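Structure, as structure tokens:
The values are calculated or read from the model by the stated rules, or taken from the named source; none is laboratory data. Bear in mind that the values here come from a model prediction, so they are computed numbers and not experimental data. So basically every Cβ, Gly included, is an ideal-geometry build from the backbone, and we count neighbours across all protein chains shown.
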Amino acid sequence: MAFACSCIGSGSGIFEYGESEAVFTGQVTNIEYPQPKNNMIGSADKIKVSLNVIQSWKGPNAKNVVIQTNLNGASCGYQFEKNSEYLVYAGNIKGNLEVSFCSRTSLLSAAQAKEDISSFSNPTAKASYMMLFILPFLPFIGLGIL
């Protein structure tokens, strides 16, 4: 039996911004591959990707960040290339920043990344996300339940 990565699809850049633990641009400086265990490596084993942070909108306040992803795309791992620059959307999994193929992480040169970055400084886009997130809970907040 074989399994493959399946994504529902990511939301808009501003939606993913709100859902992510960290959002930043960075250049890959190193990729550390997992060591075999009992002469085996699985597709879900983690690789560690070191990046020099170019700009951070959310999350890391450090110049260098290490994120994790699964080894290959079959387990939704994102395929980073050394020296390339990315817009990274990372979640927090067991205390580690982690990226998957299903996130909006992309090459910084991609049109999607440029659109997303411009939306981060757009107050209307941020307000739209907040309204989408908060509006369903307003009745409960008004009643003092939340």
**Item:** In region 87-120, residue surrounded by the most Cβ atoms within 10 Å (Cβ to Cβ) [restricted to those that are among the aromatic types (F, W, Y) and closer than 22 Å to I8 by Cα]
**Value:** Y89
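Out of curiosity, is A22 over 30 Å from S121 (Cβ atoms) and aliphatic (A, V, I, L, M)? Show your work before the answer.
Values: over 30 Å from S121 (Cβ atoms): no; aliphatic (A, V, I, L, M): yes.
Against the criterion (over 30 Å from S121 (Cβ atoms) and aliphatic (A, V, I, L, M)), A22 does not qualify.
How many residues are surrounded by fewer than 17 Cβ atoms within 10 Å (Cβ to Cβ) and at pLDDT below 90 when one looks only at region 43-81?
Residues of region 43-81 surrounded by fewer than 17 Cβ atoms within 10 Å (Cβ to Cβ): 43-44, 48, 52, 54-55, 57-58, 61-64, 66, 73-74, 79, 81.
Now restrict to residues that are at pLDDT below 90: 43-44, 61, 73-74.
Total meeting the criteria: 5.
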**Asked** Which one of the conditions (1) under 22 Å from S121 (Cβ atoms); (2) within 15 Å of the chain's Cα centre (by Cα); (3) of a type outside the set (D, E, K, R); (4) in a strand (DSSP E or B) does I14 fail to meet, given that it meets all the rest?
**Response** (4)
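Restricted to region 17-40, and to residues that are aromatic (F, W, Y) and under 15 Å from the mean Cα position of the chain (by Cα), which residue is modelled with the highest pLDDT? Before the answer, list the steps.
Let us first name the residues in region 17-40 that are aromatic (F, W, Y), namely 17, 24, 33.
Then keep just the ones that are under 15 Å from the mean Cα position of the chain (by Cα); that gives 17, 24.
Details: Y17: 86, F24: 95.
Checked region 17-40; the qualifying residue modelled with the highest pLDDT is F24.
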**Prompt:** Which pairs do you get when a residue that is touching a residue at least 12 places away in the same chain (Cβ under 8 Å), found in region 105-118, comes within reach of a residue that is hydrophobic (A, V, I, L, M, F, W, C) and part of a loop (DSSP other than H, G, I, E, B), reach meaning Cβ atoms under 9 angstrom, with the pair 6+ apart or on two chains?
**Reply:** T105/F80; T105/V99; I117/L108
**Complete:** For region 26-78 the number of residues that are touching a residue at least 12 places away in the same chain (Cβ under 8 Å), closer than 21 Å to L108 by Cα and not aliphatic (A, V, I, L, M) is 22
**Request:** Can you give me the ranges of the strands (runs of 3 or more DSSP E) entirely in region 47-120 with at least 1 residues that are touching a strand residue (DSSP E or B) at 6+ places or on another chain (Cβ under 9 Å) and over 14 Å from S20 (Cβ atoms)?
**Result:** 64-70, 85-93
